[in-house]
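A quick write-up on the structure given underneath.
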Amino acid sequence: MSAGAGGIGVFDSGIGGLTVFQALRAALPPEEHLLYLGDTARVPYGTKSTETVVRYALEGARFLARRGVKTLVLACNTMSAVAIEAVKEHMPFPVVGVIGPGAEAACRATRRGVIGVIGTAATIRSGAYAHAIACHRPDARVIARACPLFVPLAEEGWVDNEVARAAAGAYLSDLRGSGLDTLVLGCTHYPLLKRVIGEAVGDGVALVDSAEATAAVVRGRLEERGLLAHRAAPGEDHFFVTDSSDRFHEVGARFLGGPLQRLEQVAISE
Ligand code: DGL
């Protein structure tokens, strides 16, 4: 059996899903193995067609299934928006996405029922957030907007400078005065730009990051099914990437506050 078998798969198009990984580490017993897959050779997914994202999502899910995971977290809004049904259909274990938990958290946070959603072009085009919000709060007004430049800005580490501020202002400043009181950061990278996004939409708007809400759902799902780890030894973290691991190592260590121990470059395409 491979190392990390019986663990939890965490799959993102690149590095952004580490926000979800971190929330899972905090929410789950320390005995759980976490296996993170970042498809760094093919990121971004958010600019690609639904067919392509579904194909990539299935390839990544199968890779983690071969490693023996007991549940899979799609730690990527784009995959969660357009590919979760296909992945659920093909995988024998529970699959959790970030959109349902994020939408629920937004419905809890809103006071006036005016909720903004920002994400990649694919996520916004799918309407998945608007649909999930309507299930919990049919009377809510949803204002959705794609902010594609935020992903490269976050990758570049330009999260709090004049370029990031100009992009946030161009995308979001007209939302001031729209009655918006809650904004869903519907992309794994956007929490890194929280400060400039908050400045652009103004005080009094709650920014919802789905990572913690997703981790709580994963924990609940494992508890319900009696799947929480019961081993004596501490859990291990395994990181897999599809492109050279140097940059992931550097940015990942910044993200997680320490060097990544088990990081491997792998091929997942079939
Ligand atoms: N992980 C993607 C998301 O949350 C952002 C990066 C990409 O476009 O692949 O939508």
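In a shell of Cβ-Cβ distance under 15 Å around E162, excluding E162 itself, what net charge do Lys and Arg (+1) and Asp and Glu (-1) give?
With Lys, Arg at +1 and Asp, Glu at -1, the net is -1.
Given labels modelled 7 Å from the Cα in the Cβ direction, how far is it in nm from L149 to E264?
It is 4.0 nm.
Top mean-square fluctuation among F93, F240, F11, Gaussian network model of the chain, C-alpha springs under 10 Å?
F93
Please work out how much accessible surface R112 shows to a 1.4 Å probe, ignoring ligands, DNA and RNA, in Å² rounded to 10.
My reading of the accessible area for R112 is about 140 Å².
Among V241, L58, T40, flag the residue with its Cα farthest along the positive direction of the charge dipole of the chain, charges on Cβ as +1 for Lys/Arg and -1 for Asp/Glu.
Of the listed residues, the answer is L58.
Using only the Cα atoms of the range 99-210, what semi-axes does the equivalent ellipsoid have when each is the square root of 5 times a gyration tensor eigenvalue? Give whole Å, largest first.
That gives 22, 15, 11 Å for the three semi-axes.
Out of the DSSP beta bridges found with both residues in the chain, what percent are antiparallel (nearest 5)?
Antiparallel: roughly 0 percent of the beta bridges in the chain.
For the chain, with every protein chain kept in place, what is the accessible area per residue (1.4 Å probe, Å²)?
Accessible surface, normalised per residue, equals 42 Å².
Once label points are set 7 Å from the Cα along Cα→Cβ at both A109 and A253, what is their separation, rounded to one decimal in nm?
A separation of 3.2 nm, rounded to one decimal place.
Considering only G46, G100, G258, give the residue with the highest GNM mean-square fluctuation for the chain, with springs between Cα atoms whenever their separation is below 10 Å.
G258
Which distance in nm do the two modelled labels at A121 and K88 give, with both placed 7 Å along the Cα-to-Cβ direction?
Between A121 and K88, the simple spin-label model gives 2.8 nm.
About the Cα centre of the range 1-141, what is the dipole size in debye to 20, counting +1 per Lys and Arg Cβ and -1 per Asp and Glu Cβ, all else neutral?
Dipole about the Cα centre, nearest 20: 260 debye.
Considering the chain as a Gaussian network with a 10 Å cut-off on Cα pairs, which listed residue, A215, A166, A122, attains the greatest mean-square fluctuation?
Between A215, A166, A122, it is A166 that shows the largest mean-square fluctuation.
The values are calculated or read from the model by the stated rules, or taken from the named source; none is laboratory data. Everything quoted here is computed from the prediction, not taken from an experiment. Using ideal geometry, Cβ is built from the backbone for each residue, glycine included, and neighbour counts are taken over all protein chains shown. Calculation scope for accessible area: heavy atoms of the full protein, side chains included, ligands and nucleic acids excluded. Shrake-Rupley method; radii C 1.70, N 1.55, O 1.52, S 1.80 Å.
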